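One structure below.
Throughout, read-outs are computed from the coordinates displayed, never taken from laboratory work. This is a predicted model, so every value here is computed, not measured. For neighbour counting, all protein chains shown are included, and Cβ atoms are generated from backbone atoms with ideal geometry for every residue, glycine included.
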């Protein structure tokens, strides 16, 4: 595929991923595989798109006081370990095995998109004067809603870290962000409000991608030119997806994108 | 938003813009300079999250928030160990 084709694919994947809140690489890598790119080569390209998406969205989420750095770094120690192990092991996995894992990844991400609810934390009047953001020295914090301030504290950190380890391992093996696992784990298991979980995941997927990309670079698996073409498309694609998401019903958008992703997963499973 | 957070937000936005410009440049340049620019872009993408983790860890250590400062440094250690393991094993796809 030529550079403009890769840029267009990066744009479409990031727009769809942003629209459905699943991240672009979860589309990009399976579609690259369906187009005949070997999965060992598609994984680093997917992670470059993940890193670009994380960087592009990170500033705004941080400015809104939604990103919890301490929580992100604590859970990321497990995710980065998983990513490094996944990337190291991936060279020993045959292409057919990686394609099967990609199909499973697409189906799991689609399921997460179809069933995600998100923890509904409520504002508490006694915290009305609290500034939005993380509280130093803790895994707690507060964020601001139009009707008040919502305090929160992460719990079940050990169990959540197991989920992060798995998400990281998938990222290292197949090149998707694992964000579709990380956000639900943070929200549903660790009790973190879904907006904070999503913003913190945006930060951590960048670190996961860096950890695995360093391994891929040392292994000589990164095609930087193809990656740059994808990044050139995926950054405006992420903006377009976010803009579309604001105009559409979030539930309808997420479910439509999840169904499309499920179709990609099924095609990957049944292809000869 | 604190001064430090505002500075981090500015840095992230500037780096994001730089990555986008470099990525678009690779589409317009001839092959060899394009490859160098693409490598610079990949370096920025890989290095920025790690620099962010390192900076946060140092700030927390300086302020006495020792457990989280050490967690940040441990995270960087894991990432570095992965690259070293890849070099030592010498496996390629």
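Distance between the 7 Å Cα→Cβ label points at residue B:62 and residue B:14: 1.7 nm.
Rounded to the nearest 0.05, the FRET efficiency derived from the C-beta distance between residue B:29 and residue B:73 at R0 = 35 Å is 0.35. Taking the C-alpha atoms only, the angle from helix B:66-89 to the longest principal axis of chain B is near 40 degrees.
Evaluated at q = 0.10, 0.15 Å⁻¹, a Debye calculation over the C-alpha positions of the range A:139-272 (equal weights, vacuum) places log10 I(q)/I(0) at -0.45, -1.00.
Classify the range A:188-249 from the C-alpha gyration tensor, please: rounded if a/c falls under 1.5, else prolate or oblate depending on whether a/b exceeds b/c. It comes out oblate by the Cα gyration axes. Taken over the Cα atoms of the range A:29-147, the convex hull encloses 139 Å³ per residue. Relative to the longest principal axis of the Cα atoms of chain A, the long axis of helix A:224-247 makes an angle of roughly 40 degrees.
Eigen-decomposition of the gyration tensor built on the alpha-carbon atoms of chain A gives equivalent ellipsoid semi-axes of 31, 19, 17 angstrom, largest listed first. The label point for residue B:21 and the one for residue A:155, both projected 7 Å from the Cα toward the Cβ, are 4.9 nm apart.
For chain A, modelled as a GNM whose springs connect Cα atoms under 10 angstrom apart, the maximal fluctuation among A:55, A:102, A:165 occurs at A:55.
Projected over every direction and averaged, the convex hull enclosing the alpha-carbon atoms of chain B yields 8.3 nm². The three principal axes of the C-alpha atoms in the range A:93-161 carry coordinate ranges of 56, 28, 17 Å, sorted with the longest axis first. Restricted to Cα atoms, the range A:79-216 shows a radius of gyration and a Dmax of 16.8, 57 angstrom. All Cα-Cα separations within the range A:213-272 were binned at 5 Å from zero, giving a P(r) of 4, 14, 12, 13, 17, 21, 13, 5, 1, each value a whole percent of the pairs. In the range A:12-64, the C-alpha radius of gyration followed by the widest Cα-Cα span (Dmax) gives 12.1, 41 angstrom. FRET efficiency for the pair residue A:271 and residue A:129, taken as 1/(1 + (r/R0)^6) with r the Cβ-Cβ distance and R0 = 51 Å, rounds to 0.30.
Ranked for footprinting exposure by Cβ neighbours inside 10 Å, fewest first, A:187, A:249 give A:249, A:187. Angle between the Cα long axis of helix A:250-270 and the longest principal axis of chain A, 0 to 90 degrees, nearest 10? Once rounded, one gets 30 degrees.
Mean sequence separation of contacting Cα pairs (under 8 Å, at least six apart), scaled by the length of chain B, corresponds to a relative contact order of 16 percent.
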